[in-house]
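Student: Once you've had a glance at the structure underneath, I'll fire off some questions.
What follows draws every value from the coordinates through simple rules; no lab data is involved. Since the structure is predicted, the reported quantities are computational estimates derived from the model, not experimental observations. Note that we place each Cβ from the backbone using ideal geometry, even for glycine, and neighbour counts take in every protein chain shown.
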Amino acid sequence: MKIVAGDYFGKNIQFVCRCCNCVYEVESKDDWNIQMIFPNYCSFKYKVPEYGVTCPNCGHEEYLGCDQDDLIGTESENLHCPWIPLLKKRTDWNERYRVEPIRE
Ligand SMILES: [Zn+2]
């Protein structure tokens, strides 16, 4: 079988917009919509990135969630994040796409 569009493991990460059906590529971490969230409810010392991406054609936002490895030991440890573990299987994830958590 062959993937025609929406290849997560090609040269770039390719998404198919579920609203307008266009195909777009995320080339680096600069293309993510990153929202820093606090995984511990009563502490603001540790912030982790929540990943998302916006379709450049129609503006539809796709929520991708957090990297579960960033949440280990926090109160949000059991947050369900199916996307990032999948995308992290890319060998260039850390180098090109990973956003670091912030510890103060
Ligand atoms: Zn779109």
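Student: Can you list the HN-Hα couplings for segment 52-69, worked out from phi with the Karplus curve (6.51, -1.76, 1.60; θ = phi - 60°), rounded to whole Hz and with x for Gly and Pro?
Tutor: x, 8, 10, 4, x, 8, 10, x, 5, 9, 9, 8, 10, x, 9, 8, 4, 5
Student: Given labels modelled 7 Å from the Cα in the Cβ direction, how far is it in nm from Tyr41 to Ser28?
Tutor: Rounded to a tenth, the inter-label distance reads 3.9 nm.
Student: Check each of the trypsin sites (Lys or Arg not before Pro) in segment 24-68 and keep only those in coil by DSSP with at most 12 other C-beta atoms within 10 angstrom; list them in order.
Tutor: Lys45
Student: Also, quick follow-up: Go through Ile102, Tyr41, Tyr63 and say which Cα lies farthest out towards the positive end of the charge dipole of segment 28-103; charges sit on Cβ, +1 for Lys and Arg, -1 for Asp and Glu.
Tutor: The one lying farthest along the dipole's positive direction is Ile102.
Student: Shifting gears a bit: Each residue of segment 84-99 in turn: what ³J(HN,Hα) in whole Hz from Karplus with 6.51, -1.76, 1.60 and θ = phi - 60°, glycine and Pro shown as x?
Tutor: 5, x, 5, 5, 5, 5, 5, 6, 9, 4, 4, 6, 9, 10, 6, 10
Student: Straight-line reach from Lys2: which lysines have a Cα under 23 Å away, not including same-chain ones fewer than 8 places off?
Tutor: Once the sequence-local lysines are set aside, what remains near Lys2 is Lys11, Lys88, Lys89.
Student: Moving on to the next point. Can you give the charge dipole size of the chain about its Cα centre, rounded to the nearest 20 debye, using +1 on the beta carbon of Lys and Arg and -1 on the beta carbon of Asp and Glu?
Tutor: Computed about the Cα centre, the dipole is about 240 debye.
Student: Also, I was wondering about something else. Sort Met36, Met1 so that the residue with the fewest other Cβ atoms within 10 Å of its own Cβ comes first and the one with the most comes last.
Tutor: Met1, Met36
Student: Next up: Please arrange Tyr46, Tyr63, Tyr8, Tyr97 by counting, for each residue, the other beta carbons lying within 10 Å of its beta carbon, fewest first.
Tutor: With the fewest neighbours first, Tyr46, Tyr63, Tyr8, Tyr97 line up as Tyr63, Tyr8, Tyr46, Tyr97.
Student: Let me ask something additional. Can you tell me how much longer the chain between Leu86 and Met1 gets when fully stretched, taken as 0.36 nm per residue apart minus their C-alpha distance, in nm with one decimal?
Tutor: Once the chain is fully extended between Leu86 and Met1, it gains 28.7 nm.
Student: Place a point 7 Å from the Cα of Glu61 along the Cα-to-Cβ direction; which residues of segment 7-48 have their backbone N under 18 Å from it?
Tutor: 17-20, 30-39, 48
Student: Please list, ordered by chain and number, the residues whose modelled amide H lies under 5 Å from the amide H of Tyr8; skip anything fewer than 5 residues away on the same chain.
Tutor: Hits under the 5 Å cutoff: Gln14.
Student: Calculate one ³J(HN,Hα) per residue across segment 14-23 by plugging θ = phi - 60° into the Karplus curve 6.51 cos²θ - 1.76 cosθ + 1.60, and present them in order as whole Hz with x for glycine and proline.
Tutor: Residue by residue, segment 14-23 yields 10, 10, 10, 5, 7, 9, 10, 6, 6, 10 Hz.
Student: Ile37's amide H: which non-local residues (gap 5+, or another chain) put their own amide H closer than 5 Å, with H modeled 1.01 Å from N in plane and none for Pro or chain starts?
Tutor: Amide H neighbours of Ile37, under 5 Å, 5+ apart: Val48, Glu50.
Student: Between segment 79-104 and segment 1-20, how far is it from one alpha carbon centroid to the other, in angstrom?
Tutor: 18 Å
Student: If you don't mind, there's one more thing I want to ask. Counting other beta carbons within 10 Å of each Cβ, put Cys17, Cys22 in order, fewest first.
Tutor: Ordered from fewest to most neighbouring Cβ atoms within 10 Å, Cys17, Cys22 come out as Cys22, Cys17.
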